[in-house]
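**Q** Take a look at this one; I'll ask things after.
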Amino acid sequence: MRDVAVIGIGLTKFGELWEKSFRDLITEAGIKAIEDAGISGREIDGIYVGSMSAGRFVGQEHVGALVADSAGLTGVPSTRVESACASGGLAFRQAYLAVASGIHDMVVVGGVEKMTDVVSTEATNTLATAADQEWESFFGATFPALYALIATRHMYEYGTTREQLAQVAVKNHANGALNPNAHFRRKISVDDVLNSSPVAYPLRLLDCSPVSDGAAAVILCPLKDAKKYTDKIVKIIGSGQASDTLALHSRDDICTFKSTVLASKMAYKQAKIKPKDIDVAEVHDCFTIAEILATEDLGFFKKGEGSKAVEEGLTEINGTIPINTSGGLKAKGHPVGATGVAQIAEIVMQLRGEADRRQVKDAEIGLTHNIGGSGASCAVHILEVV
Amino acid sequence: MTTHYHLVSKFWREIPHRYNLIGTRCGECKTVYFPPRNVCPRCRRSSIGKMEKYKLKGKGKIYTYTIIHVAPETFEDEIPYIIAIVKLDEGPMVTSQIVDCNPDKIKIGMPVEIAFRKIQEDGDTGAIYYGYKFRPIKR
Amino acid sequence: MEDNIGIVSYGVYIPRYRIKASSIAKVWGKDSKYIEKGLNITEKSVPGPDEDVATISVEAARYALKRCKVDPQEIGAIYVGSESHPYAVKPTGTIVGEAIGATPDLMIADYEFACKAGTAAIQNCIALIKSNMIKYGLAIGADTSQAAPGDALEYTASAGGAAFLLGKEKIIANINATYSFATDTPDFWRREARKYPAHGGRFTGEPAYFKHIINASKNLMERIKTKPEDYDYAVFHQPNGKFPISVAKKLGFTYEQIEPGLICPLLGNTYSGSYLIGLSAVLDIAKPGDRIFVTSYGSGAGSDSFDITITENIKKFRRKNAPTVRELLENKEYIDYGTYAKFRDLLYWE
């Protein structure tokens, strides 16, 4: 296994991008990443794309080939990776493995979703396909419902409060306000969250990440070659992935995502570090409760104490473990397939010291955490500036 | 012109499970599963060919719940409705709607029993899909 | 009948939603005082958006099975009587059969005879049991009856049903005799593919309801040589709360005889379920030796009469395993007319 570095990142703006198509978005992110890496593009010998449901969102499958074609890279092997909301994170891992194994030497990983070309009910129904269609969705459980079921139980078992959930959204909106690419760039208050319209008790509209368009791309190459392109080399020091039951009801404990625990253990072990060594993390906050779960399952806080940590400000940009400096899925936006790759881009910016007003001081090691569905798949990556 | 697009086979093959909570039991470790499984995740290879049909009694307790305010079109008439994970007496948990219960009254631990209701309709012209929901045990 | 054939068990299901007659009257600018008095009804049941004749039938059938030890596989026939089957073509009975575990070795069919399809189902089960073609038969009468917005029927058309398991063994009530009376009398109908029924107004009374119930009842009592005073209870079809009281009086039954089975004032007209739920309310309280007279009515038109005697087995009958009619009537949640309109699909657009 070779060491692998991230040498380029590219992001589109996230949001309702009416004028941009699926192929516009992924091409834009890819070109930006190529420019950022300072490569010509001819070096690229592999493409991986994370996309959850191009088939339903834009009526287009065969996304691997489409992306190679749109980017002017026909001939290059191009693979689409799907794992619901973790599609981007898993695509990144596939690319990492391909470079580490020596199969490929310069790989571009894209993540993309164009979600606003369908009516909102269709977008919601499509997102719900991440859940168990036969045994959850069929009976009327919406996707927010699954996280609401977790929230109710977390409140019951650990005394998490409605206000603490709101504080996750408040913090992430504050971060998003500092991110020029974010879908939402306005600060909100706890009252705003508590007074937003109910979606699935106890979750309200402002507990939920939005339906966004957007794309992200990063370029990977062997660490030994990275110096040729950049002097701010970010190395991948840990990569983990795990799965769990598709349906929540098949798990013994719904307040812990076993996939997060397993994937992070795998990544920590490879990186030879502990959770306390992480300086900054992008975690999967598709709903406010998801961020609390993630910070517990990743080992930043004890089980049941994630909500208190938010309340105490420990996860703010200048806290002990800054979480979701980009604004997270909540404020930055959640173009599903793009999310996992965009998380990598944010951490790379933090480690390079390019995060501007949301820069975490002296950040050297960063973590990304990308969840599929209600925790049935998870990818965790740990990056370190060399 | 038809407005439905699923073949009924997708629903029809699940009728025993959805009408009568027919799950499976591993012949090796005797663990009961619902929804049914083809392989026991504990016994894996040694469970192959030994997964037997098992009818659950349809009684259990609320493990967790939510109240749905935004729903897909097929469920819009029922808003607000309760979705819960029910822990069945035999062990497995199941996601289901809770009916005959005021959303203010639902709580974790509440005993419930199986009810038979219409779950969805495949548009105006397609089949009607029936199955289990749960309701509070009154007595 | 020489053989003892009768009711082995029974179960009732009534949806939990109710609308008050006054809530409907208000929408149409009527004074509910006169409607409540004129129809002798104060409220009616309304099916939830996830309830129909199939779900009501299954719930009633499952309750019936909870009260006895009969193996559903021994049920040889299921007949579901209704005028609001969820499918125009595709039986309700197979859904019931599958949901109670009675399939696949049995006869199944749906019946329709306006409101009297429930008793038609009972008669056919009795005949099959008597001829030894089946051991047990399950007869169901259930409806989620339709009423056009603003029609007089809107105050009464309600939802509910009852399931009767019939057989020869451990019967709680012996069905001593039955007789039917039918003519072609178009007093009430719903044309194919039409959403709401039409009716003949006052024509539904004298030449229809009263003529058929009186003839069926009198003819049965004549044949078996009984008189109204021989019965402890009487149940007649209840299209509203007034007709059954009036027909009982004309036949010589007292209000005391019909009162225990008179459920319409708090339930509305459950059509094929009406007299079966009324009979169930009587079975909920009946003692060994009690004699019950029942006459159904279906528009179009016909009546089925029954002479029934409660047996000693009712003492050991596990009534408590399922809710009584009174308990079901008490388990209710009121809705306003807007919710009613949504549940009954009165609000529709292109």
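The values are calculated or read from the model by the stated rules, or taken from the named source; none is laboratory data. Because the structure is a prediction, the values reported are computed rather than measured. Cβ placement follows ideal geometry from the backbone for every residue including glycine, while neighbour counts extend to all protein chains displayed. All accessible areas refer to the heavy atoms of the entire protein, side chains included, with ligands and DNA or RNA removed. Shrake-Rupley method; radii C 1.70, N 1.55, O 1.52, S 1.80 Å.
**Q** With the requirement that a residue be in contact with a Gly (Cβ under 8 Å, 6 or more places away or on another chain) and of a type in the set (D, E, K, R), what does region A:252-261 give you?
**A** A:K258
**Q** What are the residues in region A:37-57 that are surrounded by 19 or more Cβ atoms within 10 Å (Cβ to Cβ) and more than 16 Å from A:A95 (Cβ to Cβ), if any?
**A** If we filter region A:37-57 for residues that are surrounded by 19 or more Cβ atoms within 10 Å (Cβ to Cβ), which is where we start, we get A:37, A:39, A:44, A:46-54, A:57.
A:M52, A:S53, A:A54, A:F57, listed by residue number.
**Q** Also, quick follow-up: For region C:204-219, state whether one or more residues are β-branched (V, I, T), in contact with a Pro (Cβ under 8 Å, 6 or more places away or on another chain) and farther than 18 Å from C:F293 by Cα.
**A** Taking every residue of region C:204-219 in turn, at least one turns out to be β-branched (V, I, T), in contact with a Pro (Cβ under 8 Å, 6 or more places away or on another chain) and farther than 18 Å from C:F293 by Cα.
**Q** Also: Out of the helices (runs of 4 or more DSSP H) lying entirely within region A:82-177, which hold 1 or more residues that are away from chain B (no Cβ under 14 Å), open to solvent by less than 10 Å² (accessible area, probe 1.4 Å) and touching a strand residue (DSSP E or B) at 6+ places or on another chain (Cβ under 6 Å)?
**A** Numbers: elements: A:87-100, A:120-127, A:143-158, A:162-176.
The qualifying helices (runs of 4 or more DSSP H) are A:87-100.
**Q** Can you find a residue in region A:181-194 that is open to solvent by less than 10 Å² (accessible area, probe 1.4 Å) and not in a loop (DSSP other than H, G, I, E, B)? Steps first, please.
**A** Residues of region A:181-194 open to solvent by less than 10 Å² (accessible area, probe 1.4 Å): A:182, A:193.
Going one step further and asking which of them are not in a loop (DSSP other than H, G, I, E, B), we end up with A:193.
Checked region A:181-194: at least one residue is open to solvent by less than 10 Å² (accessible area, probe 1.4 Å) and not in a loop (DSSP other than H, G, I, E, B).
**Q** Does region C:221-236 include one or more residues that are assigned by TED's automatic domain parsing to the domain that holds C:S305, closer than 24 Å to C:L39 by Cα and among the polar types (S, T, N, Q)? Please lay out each step first, then the result.
**A** Residues of region C:221-236 that are assigned by TED's automatic domain parsing to the domain that holds C:S305, as a first pass: C:221-236.
Imposing the further condition that a residue be closer than 24 Å to C:L39 by Cα reduces the set to C:233-236.
Now drop any that are not among the polar types (S, T, N, Q), which leaves none.
For region C:221-236, residues assigned by TED's automatic domain parsing to the domain that holds C:S305, closer than 24 Å to C:L39 by Cα and among the polar types (S, T, N, Q): absent.
**Q** Could I ask something else about it? So which residues in region C:189-204 are in contact with a Phe, Trp or Tyr (Cβ under 7 Å, 6 or more places away or on another chain) and without any contact (Cβ under 8 Å) to a residue 12 or more places away in the chain?
**A** Passing the criteria: only C:A198.
**Q** A further question follows. Please enumerate the residues belonging to region A:134-156 that are among the polar types (S, T, N, Q) and touching a residue at least 12 places away in the same chain (Cβ under 8 Å). Show your work before the answer.
**A** Filtering region A:134-156 for residues among the polar types (S, T, N, Q) gives A:137, A:142, A:152.
Passing the criteria: A:T142, A:T152.
**Q** Please state which one of B:I83, B:I119, B:I128 is within 14 Å of chain A (Cβ to nearest Cβ), surrounded by fewer than 19 Cβ atoms within 10 Å (Cβ to Cβ) and aliphatic (A, V, I, L, M).
**A** Answer to the selection: B:I128.
**Q** Hey, another quick one. Could you check how many residues of region B:89-116 are facing chain A (nearest Cβ under 10 Å) and outside any loop (DSSP other than H, G, I, E, B)? I'd like the intermediate steps shown before the answer.
**A** Let us first name the residues in region B:89-116 that are facing chain A (nearest Cβ under 10 Å), namely B:92-97, B:103, B:106-109.
Narrowing the set further to residues that are outside any loop (DSSP other than H, G, I, E, B) leaves B:93-97.
Count: 5.
**Q** Would you mind listing the strands (runs of 3 or more DSSP E) fully within region A:209-301 where at least 2 residues are surrounded by fewer than 24 Cβ atoms within 10 Å (Cβ to Cβ)? Walk me through it before giving the result.
**A** Numbers: elements: A:214-222, A:234-243, A:280-282.
Where strands (runs of 3 or more DSSP E) fall fully within region A:209-301 and carry at least 2 residues being surrounded by fewer than 24 Cβ atoms within 10 Å (Cβ to Cβ), they are A:234-243.
**Q** Pull up region A:195-208, narrow it to residues that are touching a residue at least 60 places away in the same chain (Cβ under 8 Å) and not in a helix (DSSP H, G or I), then point me to the one that is least open to solvent (accessible area, probe 1.4 Å).
**A** Residue satisfying both the conditions and the ranking: A:L203.
**Q** Is there a residue in region B:21-38 that is in contact with a Pro (Cβ under 8 Å, 6 or more places away or on another chain), over 24 Å from B:Y129 (Cα atoms) and either assigned to a strand (DSSP E or B) or open to solvent by 70 Å² or more (accessible area, probe 1.4 Å) (or both)?
**A** Scanning region B:21-38, I find at least one residue that is in contact with a Pro (Cβ under 8 Å, 6 or more places away or on another chain), over 24 Å from B:Y129 (Cα atoms) and either assigned to a strand (DSSP E or B) or open to solvent by 70 Å² or more (accessible area, probe 1.4 Å) (or both), so the answer is yes.
**Q** Now a separate question. Filter region B:120-139 down to residues that are in contact (Cβ under 8 Å) with a residue 40 or more places away in the chain and of a type in the set (A, V, I, L, M, F, W, C) and give me whichever is farthest from B:K105 (Cα to Cα).
**A** Initially, region B:120-139 is screened for residues in contact (Cβ under 8 Å) with a residue 40 or more places away in the chain, giving B:120-127, B:129-132, B:134, B:137.
Pick out the ones that are also of a type in the set (A, V, I, L, M, F, W, C) and you get B:127, B:134, B:137.
Details: B:A127: 33, B:F134: 14, B:I137: 13 Å.
If we take residues in region B:120-139 being in contact (Cβ under 8 Å) with a residue 40 or more places away in the chain and of a type in the set (A, V, I, L, M, F, W, C), then B:A127 is farthest from B:K105 (Cα to Cα).
**Q** Follow-up. How many of the residues making up region A:214-243 are touching a His at 6+ places or on another chain (Cβ under 9 Å) and closer than 21 Å to A:T12 by Cα?
**A** Within region A:214-243, residues that are touching a His at 6+ places or on another chain (Cβ under 9 Å) and closer than 21 Å to A:T12 by Cα number 2.
**Q** Test C:R202 against the stated conditions and say whether it is under 23 Å from C:T309 (Cβ atoms) and assigned to a helix (DSSP H, G or I). Don't jump to the end; show me each part of the working.
**A** Values: under 23 Å from C:T309 (Cβ atoms): no; assigned to a helix (DSSP H, G or I): yes.
So C:R202 fails the test.
**Q** Tell me, yes or no, whether region A:11-19 has at least one residue that is part of a loop (DSSP other than H, G, I, E, B), farther than 18 Å from A:V81 by Cβ and among the acidic types (D, E). Outline the logic, then answer.
**A** Residues of region A:11-19 part of a loop (DSSP other than H, G, I, E, B): A:12-14, A:16-19.
This time we only want the ones that are farther than 18 Å from A:V81 by Cβ, so: A:12-14, A:16-19.
Right, trim to among the acidic types (D, E) and you get A:16, A:19.
There is at least one residue in region A:11-19 that is part of a loop (DSSP other than H, G, I, E, B), farther than 18 Å from A:V81 by Cβ and among the acidic types (D, E).
**Q** Which residue pairs have Cβ atoms under 8 Å apart, sit 6 or more places apart or on different chains, and have a first residue in region C:232-258 that is of a type in the set (D, E) and a second that is open to solvent by 10 Å² or more (accessible area, probe 1.4 Å) and in a loop (DSSP other than H, G, I, E, B)?
**A** C:D232/C:D290
**Q** Can you name the residue in region B:57-76 that is in a helix (DSSP H, G or I) and facing another protein chain (nearest Cβ under 7 Å) and is also modelled with the lowest pLDDT among such residues?
**A** Of the residues in region B:57-76, the ones in a helix (DSSP H, G or I) are B:73-76.
Retained after the next criterion (residues that are facing another protein chain (nearest Cβ under 7 Å)): B:73, B:75.
Working: B:E73: 88, B:F75: 95.
Checked region B:57-76; the qualifying residue modelled with the lowest pLDDT is B:E73.
**Q** Determine whether C:I314 is in a helix (DSSP H, G or I), of a type in the set (V, I, T) and crowded, with 18+ Cβ neighbours inside 10 Å.
**A** Details: in a helix (DSSP H, G or I): yes; of a type in the set (V, I, T): yes; crowded, with 18+ Cβ neighbours inside 10 Å: yes.
Spelling it out, C:I314 is indeed in a helix (DSSP H, G or I), of a type in the set (V, I, T) and crowded, with 18+ Cβ neighbours inside 10 Å.
**Q** Same structure again: Please determine whether any residue of region C:22-40 is buried (at least 24 other Cβ atoms within 10 Å of the Cβ) and farther than 30 Å from C:P72 by Cβ.
**A** So the first thing to find is which residues in region C:22-40 are buried (at least 24 other Cβ atoms within 10 Å of the Cβ), and the list is none.
Within region C:22-40, not a single residue is buried (at least 24 other Cβ atoms within 10 Å of the Cβ) and farther than 30 Å from C:P72 by Cβ.
**Q** Oh, and also: Looking only at region C:322-342, which residues are open to solvent by less than 30 Å² (accessible area, probe 1.4 Å) and more than 19 Å from the chain's Cα centre (by Cα)?
**A** Selection gives C:I335, C:Y340, C:A341.
**Q** Going through C:T156, C:T119, C:T144, C:T178 one at a time, which residue ends up being polar (S, T, N, Q) and under 30 Å from B:K57 (Cβ atoms)? Steps first, please.
**A** Numbers: C:T156 fails: under 30 Å from B:K57 (Cβ atoms); C:T119 fails: under 30 Å from B:K57 (Cβ atoms); C:T178 fails: under 30 Å from B:K57 (Cβ atoms).
Among C:T156, C:T119, C:T144, C:T178, only C:T144 is polar (S, T, N, Q) and under 30 Å from B:K57 (Cβ atoms).
**Q** With the condition being β-branched (V, I, T) and more than 25 Å from C:I14 (Cβ to Cβ), I'd like the helices (runs of 4 or more DSSP H) fully within region C:209-281 carrying at least 2 qualifying residues. First the steps, then the outcome.
**A** Details: elements: C:211-224, C:243-251, C:255-258, C:264-267.
Answer list for region C:209-281: C:211-224.
**Q** Please find, among C:K227, C:K242, C:K211, C:K195, the residue that is surrounded by 13 or more Cβ atoms within 10 Å (Cβ to Cβ) and out of contact with any strand residue (DSSP E or B) (no Cβ under 9 Å at 6 or more places or on another chain).
**A** Working: C:K227 fails: surrounded by 13 or more Cβ atoms within 10 Å (Cβ to Cβ); C:K211 fails: out of contact with any strand residue (DSSP E or B) (no Cβ under 9 Å at 6 or more places or on another chain); C:K195 fails: surrounded by 13 or more Cβ atoms within 10 Å (Cβ to Cβ).
Every option except C:K242 fails the conditions.
**Q** Could you go through region A:50-62 and let me know if any residue there is closer than 24 Å to A:D24 by Cβ, modelled with pLDDT under 95, charged (D, E, K, R) and assigned to a helix (DSSP H, G or I). Before the answer, list the steps.
**A** As a first pass, look at region A:50-62 and keep what is closer than 24 Å to A:D24 by Cβ: A:50-62.
Restricting the remaining residues to those that are modelled with pLDDT under 95 gives none.
No, region A:50-62 contains no residue that is closer than 24 Å to A:D24 by Cβ, modelled with pLDDT under 95, charged (D, E, K, R) and assigned to a helix (DSSP H, G or I).
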